[in-house]
Amino acid sequence: MTTRPNVPGEPTQTGTALLETATGAIQSFAPINKIHEHQCAFHFYAYDMTRQVESHHFCSHQNEEMRQCLIYDKPDAEGRLIGVEYMISENLFLALPDEEKPLWHSHEYEVKSGVLFFPGVPGPVQRKALETVTGTYGKTFHFWQVDKGDELPLGLPQLMMSLTRDGQLYDSLAQDIEKRFGICFKTESENRAYMAGPKQGIHPLANGAGKGLMTKLRETDCKPVDTAAASGVV
């Protein structure tokens, strides 16, 4: 299990806490309040499968074919926001340009192996919800490299991928999650054997098209304000 470093900064003061209580009672948090689903899974860096991260997704539906998820390193009140994931149906994925498809990963193995689960949700209810997830694709970026022990979100956002076969997930991570959440991946896998993945099979361009992908910063010319104004962009 990743050791959580202390985030630098002064402790939250009483005045700040009171202000948070006041604004929380007045303002609307409609996008956050739509979150209805907590998924636990694992991501690895798209260029380095040895760097595997426990990822807690808090998801809402945009519609029947798209979820959007905030990703935290832990599901408690001190959890750090480390990334985002968009999950789309097979139909939406197939409509993407080919150059876009490698950025998305499949969910079939994650679901059918049992390593993607809904903490605390009874098995039959969980499996009903996961029947729709197994055929989807996800696009994930992590902003905080917590596996390195970074105290703040340093560096560039990094593309993440998901597990696609047995033997990839570290045994220590699997055993830790199973113990903490009272789940058995093997049993879940057996109970989910009937589930179907994408109707046309996992697309060959998904999951990085079988290659490692790394986010890099590239220097380029910056369009000046007067050029934008001349073109009618304000």
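Here, each number is a calculation from the coordinates, and none is a lab measurement. Keep in mind the model is a prediction, meaning the values are calculated, not measured. Cβ: placed from backbone, ideal geometry, glycine included. Neighbour counts: every protein chain shown.
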Q: Return an integer: the convex hull volume of the alpha-carbon atoms of the chain, in Å³ per residue.
A: 195
Q: Could you give the size of the charge dipole of the chain about its Cα centre, using +1 on the Cβ of each K and R and -1 on the Cβ of each D and E, expressed in debye and rounded to the nearest 20?
A: 360
Q. For the stretch 197-211, in order, what is each residue's ³J(HN,Hα) by Karplus, 6.51 cos²θ - 1.76 cosθ + 1.60 with θ = phi - 60°, in whole Hz (x at glycine and Pro)?
A. x, x, 4, 9, x, 5, 5, x, 8, 6, 6, x, 6, x, 10
Q: Quick one: which residues, 5+ away or cross-chain, put their amide H under 5 Å from the amide H of Ile82? H built at 1.01 Å from N.
A: Ile71, Tyr72, Asp73
Q. Once Rh for the stretch 146-234 is found with the Kirkwood sum over Cα pairs, what is the Stokes-Einstein diffusion coefficient at 37 °C and 0.692 mPa s, in µm²/s?
A. 176
Q: Could you tally the net charge around Gln39, taking each other residue with its Cβ under 10 Å from the Cβ of Gln39, Lys/Arg +1 and Asp/Glu -1?
A: -2
Q) Computed FRET efficiency, Cβ-Cβ of Leu156 and Asp98, R0 22 Å: what is it to the nearest 0.05? A) 0.35
Q) Lys128 to Lys186: extension gain in nm, 0.36 nm per residue of separation minus the Cα-Cα distance? A) 19.1 nm
Q | Virtual spin-label span in nm between Leu81 and Glu219, 7 Å along Cα→Cβ | A | 3.2
Q. Straight-line reach from Lys34: which aspartates and glutamates have a Cα under 17 Å away, not including same-chain ones fewer than 8 places off?
A. Glu64, Glu65, Glu85
Q. When the helix-only estimate is applied to the chain (DSSP H runs of n ≥ 4, each -39,500 (n - 2.57), divided by the residue count), what is the mean residue ellipticity at 222 nm, nearest 500 deg cm²/dmol?
A. -6500 deg cm²/dmol
Q: Compute the length gained on full extension between Phe29 and Gln200: take 0.36 nm times their separation in residues and subtract their Cα-Cα distance, giving the result in nm to one decimal.
A: 57.7 nm
Q: Excluding residues fewer than 8 places away in the same chain, name every one of the lysines whose C-alpha is closer than 20 Å to that of Lys148.
A: Lys74, Lys216
